[in-house]
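A.B. asks: Here you go, one structure.
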Amino acid sequence: MVDVVISGTGLYVPPNRITNEELVKTFNEYVDQYNAHHKADIDAGLLPPKQHSSAEFIEKASGIKARHLVDVEGVMDLDRMMSKMPEGGHGDQENACFQAHMAIEAGKEAMAQAGVKPDEIDQIICSAAVLQRYFPAIGIEVQHHLGTSGSALDMVMGCSSATYGLIAAVNAIKCGTADRILMVNPEIFSTMVNFRDRDSHFIFGDIATAVVLERADIAKSKDLWKVTGTKAETQFSSNIRSHYGPMTRLDDDSMLRDDMFFVQEGRKVFKELLPLVTEFISSQLENDGLKVEDLSRMWLHQANINMNMYAAKKLLGREPNASEAPTVLDEYGNTAGAGSVVAFHKHRSDLKAGDKGIICSFGAGYSIGSLMVEKL
């Protein structure tokens with residue numbers, strides 16, 4: 001059985017950045033407009049008034065200070081409060097659609113870091129929480145514009161999209177169906193956000209990650225991470241959900257229904273999912289003959305600061321320090337499936353040969369996916 005290494009990672013961030021303060025300004029204007037419009041029903045006790053948000057509330061609840069979005073103008077438009085997909089290519093031969101464009105740019109950085117050319121890539125796996133379209137596959141469009149060889153495919157796995165894409169790549173290389181795979185993870189989850197909902201309007205940002213995985217014996221990069229183990233687990237739950245899908249167009253009243261957006265039962269998710277995550281990681285370590293103390297770093301899913309710190313504290317038996325479980329929430333927000341890979345991309349350069357870590361995602365599904373890695 002061949003050894004598989006991560007030899008390069010890449011990141012693309014949309015240029016549109018919005019702070020908590022900017023987001024709250026539009027949201028509170030909407031709240032004032034709503035409460036004024038429904039004043040009679042609110043005064044009569046038939047409707048509850050909507051509550052203002054604040055930058056302080058957002059940061060305390062999530063650890064988020066800002067995020068990048070595919071579009072800010074539509075989100076800040078009081079009459080719309082929804083993203084507009086940027087103009088440009090629509091999957092034609094000359095111009096990539098925006099989600100593919102994000103993946104392409106991240107992929108270029110990952111390949112440059114790995115020291116490989118596009119025609120040395122055997123397969124592209126495009127894995128994301130939501131896709132801009134169903135077909136043709138976004139991955140095939142990325143393949144077309146990058147000029148990679150072999151095949152490409154799309155995957156959708158909610159908050160674990162990146163790790164499940166990585167696990168699929170590891171398995172393909174170990175089975176001998178590919179020597180090198182580029183996993184791209186372009187997340188555009190802000191398009192699923194209800195920016196009129198106080199509990200969720202601030203959560204998500206958009207980003208693309210990319211990872212080159214290859215057989216260890218052909219890798220050229222000076223920054224190699226051997227994948228020493230993988231694990232995946234799912235358990236059905238509707239506590240994180242959206243009912244938007246191909247059937248939506250058949251329902252005349254569906255487009256602005258709340259359940260067409262991202263919906264989350266936050267307290268239930270915290271109570272139910274985190275015990276699954278800590279047990280999942282503990283059992284993976286035990287099966288690999290490791291203890292949590294053997295890990296130099298945990299690159300965890302970036303849902304919110306409280307979930308990350310709870311999981312890390314439960315595993316370590318104490319408060320984690322910033323280097324043990326780094327977060328990127330303040331700068332990027334919750335980036336759906338991308339968070340753990342963003343953390344790995346930005347917080348690994350200080351580690352040395354022999355250091356071990358875990359890249360772990362968890363969320364909608366419920367789904368949990370992880371890769372144990374060791375610096376070579």
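A.B. asks: Counting only chymotrypsin sites (Phe, Trp or Tyr not before Pro) that sit in a DSSP loop (anything but H, G, I, E, B) with at most 15 other Cβ atoms within 10 Å, what is the longest stretch of the chain containing none of them?
C.D. replies: Counting only loop sites that pass the neighbour cut-off, the longest clear stretch is 237-376.
A.B. asks: Continuing with this model, one more query. Compute the longest continuous run of the chain that contains no exposed trypsin sites (Lys or Arg not before Pro); treat a site as exposed when its DSSP state is not H, G, I, E or B and it has at most 15 other Cβ atoms within 10 Å.
C.D. replies: After excluding every exposed loop site, the longest remaining stretch is 134-219.
A.B. asks: Per residue, what volume in Å³ does the convex hull of the Cα atoms of region 233-376 enclose?
C.D. replies: 127
A.B. asks: Compute from the Cα atoms of region 1-134 the Rg and the Dmax, the latter being the longest Cα-Cα distance, and quote both in angstrom.
C.D. replies: 21.4, 71
A.B. asks: Same structure again: For the chain, what does the helix formula give at 222 nm: sum of -39500 (n - 2.57) over DSSP H segments with n ≥ 4, over the residue count, nearest 500 deg cm²/dmol?
C.D. replies: -10000 deg cm²/dmol
A.B. asks: Further, regarding this structure: From the residues Thr327, Phe236, Gln264, which one has its Cα farthest along the dipole of the chain in the positive direction, the dipole being from +1 and -1 charges on Cβ of Lys/Arg and Asp/Glu about the Cα centre?
C.D. replies: Projecting each Cα onto the dipole axis, the largest value belongs to Thr327.
A.B. asks: Mind listing the phi-derived Karplus ³J(HN,Hα) values for region 109-120, rounded to whole Hz, using 6.51, -1.76 and 1.60 with θ = phi - 60°, and x for any glycine or proline?
C.D. replies: Running phi through 6.51 cos²θ - 1.76 cosθ + 1.60 with θ = phi - 60° gives 5, 5, 5, 5, 5, 7, x, 10, 9, x, 6, 8 Hz.
A.B. asks: Hey, how many Å between the Cα centroid of region 182-212 and the Cα centroid of region 20-35?
C.D. replies: The distance from the Cα centre of region 182-212 to that of region 20-35 comes to 21 Å.
A.B. asks: First obtain the Kirkwood hydrodynamic radius of the chain from its Cα pairs, then insert it into the Stokes-Einstein equation at 20 °C and 1.002 mPa s, and state the resulting D in µm² per second as a whole number.
C.D. replies: 101
A.B. asks: Please enumerate, by chain and number, the aspartates and glutamates with C-alpha under 12 Å from the C-alpha of Lys60, excluding those fewer than 8 residues away in the same chain.
C.D. replies: Filter leaves Asp330.
A.B. asks: Let me ask another. Just the number, please: carbon plus sulfur as a percent of the accessible area of region 106-162, 1.4 Å probe, no ligands or DNA/RNA counted.
C.D. replies: Here carbon and sulfur together make up 61 percent of the probe-accessible area.
A.B. asks: Label points 7 Å out from Cα along the Cβ direction at Lys346 and Glu279: separation in nm?
C.D. replies: Result: 3.2 nm between the two label points.
A.B. asks: Averaging the inverse of every distinct alpha carbon separation and then flipping it gives the Kirkwood radius. What is it for region 282-326, in angstrom units?
C.D. replies: Details: mean 1/r = 0.0917 Å⁻¹.
It is 10.9 Å.
A.B. asks: Kindly provide log₁₀ I(q)/I(0) values, in the same order as q = 0.12 Å⁻¹, from the Debye equation applied to equal alpha-carbon scatterers of region 320-376.
C.D. replies: -0.30
A.B. asks: Report the relative contact order of region 1-128, percent, no decimals, based on alpha-carbon pairs under 8 angstrom and at least 6 residues apart.
C.D. replies: Relative contact order of region 1-128: 36 percent.
A.B. asks: Report, to two decimal places, the Cα Rg of region 94-152 normalised by 2.2 N^0.38 Å (N = number of residues).
C.D. replies: Normalised Rg, Cα atoms only: 1.05.
A.B. asks: Next question. Can you give the Kirkwood hydrodynamic radius of region 150-195 from its Cα pairs, in Å with one decimal?
C.D. replies: 12.1
A.B. asks: Continuing with the same structure: When the expected Rg is taken as 2.2 N^0.38 Å, what fraction or multiple of it is the alpha-carbon Rg of region 75-207?
C.D. replies: Dividing the Cα radius of gyration by 2.2 N^0.38 Å gives 1.13.
The values are calculated or read from the model by the stated rules, or taken from the named source; none is laboratory data. On a predicted model such as this, the values are computed, not experimentally measured, just so you know. Every residue, glycine among them, receives a Cβ derived from its backbone with ideal geometry; neighbour counts consider all protein chains shown. In case anyone asks, the SASA skips ligands and DNA or RNA and just uses the protein heavy atoms, side chains included. Shrake-Rupley method; radii C 1.70, N 1.55, O 1.52, S 1.80 Å.
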